[in-house]
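See below for the structure under consideration.
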Amino acid sequence: LLLWELLTREVPFAIYDTSLGDSQIANAIQSGTRPVIPATTPPSLASIIQSCQKADPADRPTIAQLLSLLT
């Protein structure tokens, strides 16, 4: 989500409903809802964001892998 926020300069999920509380947002994330990655996002960055959004934490990149991808 941090990469998405840096890219869009927006608050995640605010585009869906500004009245959502923290628990509702957590439930949305658990059910697979993710903020939409803008179509103008460079493909390499979109790929990194998508890999960080995977449902299973074991499938997400480690911090070391992210540092390597971002440099």
message = Multiplying the sequence separation of residue 40 and residue 6 by 0.36 nm and subtracting their Cα-Cα distance, what value in nm do you get?
response = 10.8 nm
query = Roughly how big is the chain's charge dipole about its Cα centre, with Cβ charges of +1 (Lys, Arg) and -1 (Asp, Glu), in debye to the nearest 20?
reply = 160
ask   = What chymotrypsin sites (Phe, Trp or Tyr not before Pro) does the chain have in DSSP loop regions with at most 11 other beta carbons within 10 Å?
value = none
message = Suppose each label sits 7 Å from its Cα in the direction of the beta carbon; what would the residue 14-residue 33 distance come out to in nanometres?
response = 1.7
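Could you calculate the FRET efficiency of residue 54 with residue 26 from 1/(1 + (r/R0)^6), where r is the beta carbon distance between them and R0 is 22 Å, rounded to 0.05?
On the way: r = 17 Å, r/R0 = 0.76.
According to the calculation, E is roughly 0.85.
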Value of [θ]222 nm, deg cm²/dmol, for the chain, DSSP H segments ≥ 4, -39500 (n - 2.57) each, nearest 500 = -13000 deg cm²/dmol
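Readers should treat all values here as calculations from the given coordinates under stated rules, not as data from a laboratory. From a predicted model like this one, the values you see are computed outputs, not experimental measurements. We place every Cβ from the backbone using ideal geometry, glycine too, and count neighbours over all the protein chains shown.
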